[in-house]
1. For residues that are part of a helix (DSSP H, G or I) and either within 15 Å of residue 3 (Cβ to Cβ) or at pLDDT 95 or above (or both), tally how many sit in region 56-73.
2. List every residue pair whose Cβ atoms sit under 6 Å apart, with the two residues 6 or more apart in sequence or on different chains, where the first one lies in region 29-42 and is part of a helix (DSSP H, G or I) and the second, anywhere, is loosely packed, with under 15 Cβ neighbours inside 10 Å.
């Protein structure tokens, strides 16, 4: 499964724990656009929540969480997803 570049950015910011408004500000888009990207991410991963999306993405190797705790952007890769 491949994410769009914007979905990849949103997923990384979800992993950092940012709220929709914070993600929108960070990316220069509307909160409604963030919600649309988030729904698309959920659908692609087959999940129903932010926590589940981040967990499943990490388990599938889509994201790496090693830097999230310190607030750095997490590494996001389209390569590891099944």
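The values are calculated or read from the model by the stated rules, or taken from the named source; none is laboratory data. Predicted model, so just to flag it, every value in this text is computed and none were measured. Positions of Cβ are generated from backbone atoms using ideal geometry, with glycine treated the same way; all protein chains shown enter the neighbour counts.
1. Qualifying residue count for the region: 3.
2. As it stands, the answer is 31/21, since those pairs meet every condition given.
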